[in-house]
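Values quoted throughout were computed directly from the atomic coordinates according to the rules given, and no laboratory measurement underlies them. The structure displayed is predicted, hence computed values, not measured ones.
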Amino acid sequence: MGNSDNSTQEKILDATENLIIAKGIEKTSLADIAKEVGISKGTLYYHYSSKDQLIEDVADRYFNNMTQSVLEGIKDLNYGTYDFNTLSSMISDILGYRSTGRLHLSLIQEAVTRNETLRCRFIEKYSQWRGIIKYELKNLLKVESVDYEMLSFLVVAVIDGLVMESLLGLNEENIDSISKFIVKALKMETNDK
């Protein structure tokens with residue numbers, strides 16, 4: 001594909017994300033997407049033969065961005081001293097804006113209710129994120145008694161929970177409180193060894 005094709009494809013993905021955030025996946029039609037991009041439905045079909053294929057590309061782009069955020073957040077922890085400000089910043093970066101949470105929730109709903117391919121991608125990516133977190137925290141903390149696998153499950157679960165709380169409009173200062181708690185627990189574990 002040429003640059004024009006890639007540019008059109010990016011516009012399609014951007015428009016699809018925005019419509020999903022605004023209306024959800026089920027209420028977003030291919031006609032809506034074509035209209036939003038300013039292209040014909042034929043041009044849209046040239047790039048994506050089905051809505052499922054388009055949603056899967058949106059999900060892949062989302063997963064790549066989230067994986068990059070996880071890697072950057074862990075890298076920041078590795079190069080600094082792990083304090084609650086660094087951890088809070090990492091979690092906030094991963095959560096992004098409320099729109100990221102809405103996209104996340106819409107993709108999960110689609111994966112759970114009707115799209116088996118997307119469900120498998122979620123399973124694969126969650127496993128990858130936990131693996132990255134486990135490996136990096138083990139290298140950062142260097143404490144053999146910590147169950148890094150369980151810690152990685154906890155971190156991913158906390159992030160998912162914070163996404164839900166953010167969408168519900170609950171207190172965002174919970175990120176700082178949770179970060180302080182995690183850092184305190186990690187420092188106590190490290191100091192005990």
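For this structure, a couple of remarks:
- Averaging Cα coordinates gives a centre for region 98-128 and one for region 14-39; these two points are 18 Å apart.
- Remark: the LEU71-GLU10 segment gains 19.6 nm on full extension, using 0.36 nm per residue and subtracting the alpha carbon distance.
- Contour excess over end-to-end distance, with Cα ends at THR43 and ASP176 and 0.36 nm allotted per residue: 43.2 nm
- Taking each residue as 0.36 nm, the span from GLU116 to GLU165 lengthens on full extension beyond its C-alpha to C-alpha distance by 15.0 nm.
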